[in-house]
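The structure appears right after this line, and notes come after that.
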């Protein structure tokens, strides 16, 4: 490799490996995330105690660098009812990171990850220079590994980069041809020749992949490509050497695990749980009571791998699409250089049996995740891109030989700047409203990619609410459902997904606006409505009712014998305004562009719900001022429609005190909720409490049903009101003050 290229890579390596050692802890986040607590504490335990046993002294180490808030999701394991407790994650990453953690703590583990990442860059450049100039090889390799969704995992105390390194090293030793004349001085040339021997390369290749496979068994599928290479080079002996290397390393790793914990893996034959640590001076788990002589049997967390999966073909097809171009998980937005490498492989010859085998094996790794764990294929609760598939990403680099056309890496750098740049410069998530590790998807480029609807409820940073017969789901920073209202952030184009178990042909919304001169646009597939509001607004707010008629669903998903219909609702506003409402009625720090109430369809809006038969509105004749007064209400739904208890248009019972002058006493808007949907002809009984007026006198306590957002029953029918006359007398405090 040319000296100037070596110096460039060496300078980059020194900078990236050393700067994590200067990061003050805690930084962002201020606590350990995802599965980090177990890996971090296991590394410290191996460095300082030479074991994986969890004791109070291990828990106290959380205060060394992360003392400010509680630690969540510390994964522990036991096979004897929590009498002996061990760290419940595969230990091999923590073992290799232990020297770095022992010297520099969490910063040392980040530096170790960065060292492995730069090792991948060097291996990639060394491999590609067989077919390209040194500079082009280095540029493509650096972009491949550093400008990708893999880079944020350098800053995780997690084994993703370790798995990538194991896969990358195994493929490098298999695919890179030995250099007959290394450009090195005599001693180093002789040493490299020995290391380049076919036997040692096969053994080390198998051993490196075994390390990654110990953490993620699916990655072992990539070994088929290595076997093909060594078989074609050295016949049966070559393949056997590779298998021996893999088997020996796997046996050593599993044997050491048995020595440490009594089990070959933290995922086999143990009881595991994630615990929260509130007190670092005590164990976070307590022993379970066991009968004398009882034996605890556990199936293990990897039992799912030993069952035949049931394949939902429509779900598999949908998830496969998300795997390629999903907003939070897709290969295209998160691994632009992997996609470029795949295109080069497919359209630039020559191809080879080895690379076609690697291509097939890489696809099989992806399918294994999608088929065996369709509910969790993306990487669980903590992920950037596809966390589970990150370990297999180096395989795409080794599909490439000649990088053609030569400007292809420029396209990769441009795509990475638009898509991956926010992750590279804020790998732990940007300090934004409602920060998550997925904050980068709030940029406009990611809006071009589809939201993973199959992962509903599993992507952080989103919230949902049932409004009427629909479910609305959107991002927390721009969408907040509150008390039947849906608040949309101002001056933004907000995407919300609507989930329904029936086709939606009509949707009626009441739109409330607080921003003078605002314009609100509502879109459902096939229909778009634009509302303009006056400037200034009378009374500080304006109301409009709008009806949308979607022509089709954006997505239809089978679920058993039924189907789920998804509609994308877009609410766009020119500006936002902090509404002049009590704090308990407004989301915190929310500049509202519009507030929507979903009223249902026209049939529901105009439903005949207004007939009511009152059986009783019982209340005491005499009560004390300001006293809590019990009331008993008995009423029957005499209409032809159900009284709903959900959604903005639910039926509730309003109540108010009316004094001798006919004036209603504040506060207005007092309501009683119905206990359940009330069918036509059905009677209900409510036992509630109201607060008596503070001024003595004769009052009427009046009850009236209301079809919220539509009309009070009294405006549509007779005899809708039930009232009782109550004499309010002075309470003890008033009597004492008068004396």
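Nothing in this text is a laboratory measurement; each read-out follows from the coordinates by a stated rule. In this text the structure is predicted, and so the values were computed from the model without any measurement. Methodologically, a virtual Cβ is constructed for each residue, glycine included, from the backbone with ideal geometry; neighbour enumeration extends over all protein chains shown.
What's the extension gain from residue 317 to residue 578 if we count 0.36 nm per residue and subtract their Cα-Cα distance? Let's see the in-between values first.
On the way: separation 261, 0.36 × 261 = 93.96 nm, distance 4.39 nm.
Roughly 89.6 nm would be gained on extension.
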- Query: When the Debye formula is applied to the Cα atoms of the chain, each taken as the same point scatterer, what base-10 log of I(q)/I(0) results at q = 0.05 Å⁻¹?
  - Reply: -0.37
- Item | Label point at residue 310 placed 7 Å out along Cα→Cβ; residues across the stretch 552-580 whose backbone nitrogen lies under 11 Å | 560
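Suppose only helical runs count, i.e. DSSP H with n ≥ 4. What mean residue ellipticity at 222 nm does that imply for the chain under -39500 (n - 2.57) per run, divided by all residues and rounded to the nearest 500 deg cm²/dmol? All intermediate terms of the calculation are to be shown ahead of the outcome.
Working: 19 runs with 252 residues, N = 739.
Calculated at 222 nm, the ellipticity per residue is -11000 deg cm²/dmol.
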- Alpha carbon centroid spacing (whole Å) that separates the stretch 468-541 from the stretch 72-117: 47 Å
- Between the stretch 22-66 and the stretch 376-421, what is the C-alpha centre distance in whole Å? 30 Å
- Which angle between 0 and 90 degrees, to the nearest 10, do you get for helix 186-195 versus the longest principal axis of the chain when only C-alpha atoms count? 60 degrees
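Fewest Cβ neighbours within 10 Å first, please rank 606, 72, 140 accordingly.
Numbers: 606 12, 72 16, 140 26.
Taking fewest neighbouring Cβ atoms as first place, the list is 606, 72, 140.
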- Any chance you could check the Cα centroid distance between the stretch 715-734 and the stretch 256-288 for me, in angstrom? 63 Å
- Counting every Cα pair in the stretch 612-738, what percent are over 17 Å apart? 58 percent
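Please arrange 58, 279, 79 by how many other C-beta atoms lie within 10 Å of their C-beta, fewest to most. Provide the component values of the computation, followed by the final result.
On the way: 58 22, 279 10, 79 18.
With the sparsest Cβ surroundings first, the list reads 279, 79, 58.
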- Spin-label model distance (nm) - residue 634 vs residue 698, 7 Å beyond Cα toward Cβ: 2.7 nm
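FRET efficiency for residue 686 and residue 434, Cβ-Cβ distance as r, R0 = 45 Å, nearest 0.05? Can you show the working numbers first?
On the way: r = 38 Å, r/R0 = 0.84.
My answer for the efficiency is 0.75.
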- Message: Angle check, please: helix 160-175 long axis (alpha carbons) against the longest principal axis of the chain (alpha carbons), in degrees 0 to 90, nearest 10.
- Response: 30 degrees
- Message: Run the numbers for residue 256 and residue 19: contour at 0.36 nm per residue of separation, minus the present Cα-Cα distance, in nm.
- Response: 82.0 nm
- Going by average Cβ neighbours within 10 Å, how do the peptides 591-600, 435-444 rank, with the highest at the top? 591-600, 435-444
- Where q = 0.09 Å⁻¹, what log10 of I(q)/I(0) comes from the Debye formula for the stretch 461-605, counting one point per Cα? -0.26
- So how tilted is helix 336-347 from the main axis of the chain? Cα-based, degrees 0 to 90, rounded to 10. 60 degrees
- Task: Work out, step by step, the length gained on full extension between residue 51 and residue 347: first 0.36 nm times the residue separation, then minus their alpha carbon distance; give nm to one decimal.
- Result: 101.4 nm
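Which order do the peptides 501-513, 683-695 take when ranked by the mean count of other beta-carbon atoms within 10 Å per residue, highest first? Present the calculation step by step, with values, prior to reporting the outcome.
On the way: 501-513: 18.5, 683-695: 14.3.
Averaged packing, sorted descending, gives the order 501-513, 683-695.
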- Task: Using per-residue counts of other Cβ atoms within 10 Å, averaged over each peptide, order 518-525, 104-111, 635-642 from highest down.
- Result: 104-111, 518-525, 635-642
- Cβ-based exposure ranking for 556, 244, 420, in which fewest neighbours within 10 Å come first: 556, 244, 420
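Compute the FRET efficiency between residue 12 and residue 712 as 1/(1 + (r/R0)^6), taking r as their Cβ-Cβ distance and R0 = 60 Å, and round to the nearest 0.05. Could the numbers behind the result be given before it?
Numbers: r = 71 Å, r/R0 = 1.19.
E between residue 12 and residue 712, to the nearest 0.05, is 0.25.
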- Evaluate the distance, in nm, between pseudo-label points positioned 7 Å from the Cα of residue 505 and of residue 642 along their respective Cα→Cβ axes. 1.9 nm
- Message: If a paramagnetic tag sat 7 Å from the Cα of residue 285 along the Cα-Cβ line, which residues of the stretch 3-40 would have the backbone N under 15 Å from that point?
- Response: 37-39
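Which FRET efficiency value, to the nearest 0.05, is calculated for residue 659 and residue 84 with the Förster distance at 60 angstrom and r the Cβ-Cβ distance? Before the final figure, lay out each step's value.
On the way: r = 72 Å, r/R0 = 1.21.
That pair, residue 659 with residue 84, gives E of 0.25.
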